[in-house]
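Every number in this text was worked out from the coordinates using simple rules, so none of it is lab data. Keep in mind that what you see is a predicted model, and the values were worked out from it rather than measured. Methodologically, a virtual Cβ is constructed for each residue, glycine included, from the backbone with ideal geometry; neighbour enumeration extends over all protein chains shown.
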Amino acid sequence: MFALSAQSSFFIALLLLAVGAFGSLAFWKNDRLANWWGNSLAILAAALGLVSSLNVLFSKTTFAYNLKATLPILSFSFNVDQLSAFFIFVISLIALMASIYGLGYVKHFYGKYNLGALGFFYNAFIAGMLLVVSAHNLLFFLIVWELMSLSSYFLVIFENKEKENVKAGTLYFIMTHIGTAFIILSFLLLYSATGSFDFGVIKANIGNISPMMKSAIFLLALIGFGTKAGIIPLHIWLPGAHPAAPTHVSALMSGVMIKTGIYMFIRIFIDILPNAPVWWGILILLIGAISALLGVLYALTEHDIKRLLAYHSIENIGIILLGLGSALIFLSAGLKTLAILAVVAALFHTLNHAIFKALLFMGAGSVISKTHTRNMEEFGGLIRYMPQTAFFFLVGAMAISALPPFNGFFSEWLTFQSLFAGIRSLSVSAQWAFIIGAGALAFTGGLAAACFVKAFGATFLARPRSEEVRHAKEADPSLRVGMGVLAALTLIVGIFAGPIANVLAQVAEGLKIFAGQTGFFSADFNVVKLQDGFSSVSMPLIFVSLVVVIAAAYYSVNALIKDRKVKVGCTWDCGTDLNSRMEITATGFARSIVTIFRGILKPTKQADVEYHDAAIRYFQKTSTIKLEVSDLYGTYFYKPVHELTKKISEHVKRIQSGNINVYILYIFLILIILLFVLVI
């Protein structure tokens, strides 16, 4: 299909990323050259990654490479099947657009930060993600997982002159390594049960693992990879880390890095550990429902535009987990065709979220680079100064709000069909989980639309609320190219959802547990429909219908007002000049919704009044009201854990007496215990 084989393309891409990383370091004294070198090599590598993944996806072949060493930790093992190829495609696609965007975006770092270091860690980060989804050995996986985690940490703290960025990076570093600890424990259990670090051998011998051991591996992997995915309540690093990173890195972290956790969920829970008990699926489905609903609620409370988008990543991870949890429940009930439908829904939303979230972060980054703030309360009126950026952001907002004919609509429709199928097909004992999931998804869709009405309106509409906005100019060409391609993809993927769903069905059917099965739906270019006839959708028809309706409305209105005289006059302003203080703010827009959900969000209100004369408190000089949302996770979960750990540490440190004889006694006792264990 392509001139280069899938394997050659993949390894050349990795080589280019290595050259890009070390070349950027070599040019660290020349900002312009370091920027060009690092991003250009990343562009070439991402293009080759697309070639490699498409070759595997359309030829339905796989490739593997093993380099064994005497020490297992030095062994390299790759295996790219269709599931790996899909994630390589998503990573490469967003990396390509992010790197094009980065060529222009990082110019405002010239003379301020070391762009050689940025290029090094950026290329290493992309390479780490590609290796994570292709590794076929537990030890090698941990090495490349650490490569991805450490490189992304240094990217988060790249703008280290900002204390908040360093603080966010520290929290990210701690949480990601707590997650890694749980991953290591789950891998050790897999090794102890199968005697191998190789994924293929583990899969072949998984029948020897007891149900209790499987459940322990499941829970450890859920916590470990769930921390990277940002599921609630393991999400606390995400709202700080994603905004702190440079914008093209934020697009990669939010669009694809957190999906490496989703990849491992599918790989372990469906591919390696088949025949999951029903409670696995119910737990993941409920976590997905909670993450989706709370993610969008917390996004509504945010007025930092990048933190708002970060919370929406938690929401969309929740939507993906609704599909994945449904698949596990269907598998436990023996309904493999429905399980394929649910897996396709999860994979489709993985692709869609990567596209529109990267687009939204790029739009936000373009605005921030011109206004030098992330606070939406200081934006306003930017559609006059940055019309193309405003259009691209609007497209992304409609896509993430699941408005047809954009891509977000179809993947959420598929997720709904999976949930409805569970309600129709399963017993009452499992139906309640699907009902909760469907309700949470419905609430999430409405709240997401409200949130992006706030985000777009506060940022681009009305009057400017700062001098920086009045001096803003349109983003550089490379930034607009990156945004423009992604905006086009939201529509293209939406219209061609049927053929894409067929490709994703082949990805799902490539997993061993689905061998010989077909999906519960049929799809072609025109229509996607369920086999039982319960539901169907035609994305091209929706697109054409909307175009016809909009065109008819436009020409009808023009025909009606063609002969009317238009009189333009000033708006009545109560005798004062219209200004930005008369606009509805982002805070005011969201306040009513926050009040409705005050039982969950626990909003707080703090009023500060300054008087002209402190002794005579009748004439106010200034009045300030500060509205915030309580940090429930820190207060009720992480703070108690911190206090408990602190108390345990205070007791444990008492064993450090400073007496060498006591330390020798400790060693002696441990040796006796180890000998006893070995004898047993």
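Quick notes on this structure:
- Pair HIS642, GLN531: separation of 7 Å Cα→Cβ label points (nm): 5.3
- Taking other Cβ atoms within 10 Å as a rough exposure proxy, TRP28, TRP37 sort from fewest to most as TRP28, TRP37.
- In a simple Cβ point-charge model (Lys, Arg +1; Asp, Glu -1; nothing else charged), the chain has a dipole of about 480 debye relative to its Cα centre.
- For the chain, with +1 on Lys and Arg beta carbons and -1 on Asp and Glu, the positive-most of ALA399, TYR105, ILE492 along the dipole: TYR105
- Put in line by how crowded their Cβ is, counting other Cβ atoms within 10 Å and starting with the fewest, LEU189, LEU504 read LEU189, LEU504.
- Taking Cβ atoms as reference points and 13 Å as the exclusive limit, the residues near MET264 contribute a net charge of +2, counting Lys and Arg as +1 and Asp and Glu as -1.
- At 1.306 mPa s and 10 °C, Stokes diffusion of region 1-274 via Kirkwood alpha-carbon radius, µm² per second: 84
- Full extension of the chain between VAL566 and SER429 gives 42.9 nm of extra length, using 0.36 nm per residue less the Cα-Cα distance.
- Against the main long axis of the alpha-carbon atoms of the chain, helix 586-596 sits at an angle near 60°.
- Residues in region 151-158 carry Karplus couplings, in order, of 5, 5, 4, 5, 6, 4, 9, 4 Hz; the curve used is 6.51 cos²θ - 1.76 cosθ + 1.60 with θ = phi - 60°, and Gly or Pro positions show x.
- A viscosity of 0.692 mPa s and a temperature of 37 °C, combined with the Kirkwood radius over C-alpha pairs in the Stokes-Einstein formula, give region 286-384 a diffusion coefficient of 219 µm²/s.
- Alpha carbon centroid spacing (whole Å) that separates region 169-196 from region 77-105: 24
- For the chain, the pair-distance distribution built from all alpha carbon pairs, in bins 20 Å wide starting at 0, is 17, 50, 27, 6, 0, 0 percent.
- The value of relative contact order for the chain, using C-alpha pairs under 8 Å at least six residues apart, is 11 percent.
- Extension gain (nm, one decimal) between PHE676 and SER215, 0.36 nm per residue minus Cα-Cα: 163.1 nm
- For peptides 391-404, 118-131, 228-241, sequence by mean Cβ density within 10 Å, most packed first: 118-131, 228-241, 391-404
- Taking all Cα pairs closer than 8 Å and separated by 6 or more residues, the relative contact order of region 282-369 comes to 30 percent.
- Placing +1 on the Cβ of every Lys and Arg and -1 on the Cβ of every Asp and Glu, with nothing else charged, gives region 1-274 a dipole about its Cα centre of roughly 180 debye.
- Potential extension, LYS602-ASN30 segment - 0.36 nm per residue separation minus Cα distance: 200.9 nm
- Rg over Rh [alpha-carbon atoms, Kirkwood Rh] for region 636-679: 1.22
- Residue order for CYS570, CYS451, fewest other beta carbons within 10 angstrom first, comes to CYS570, CYS451.
- Packing rank of 303-315, 587-599, where each peptide gets the mean count of other beta carbons within 10 Å, highest leading: 303-315, 587-599
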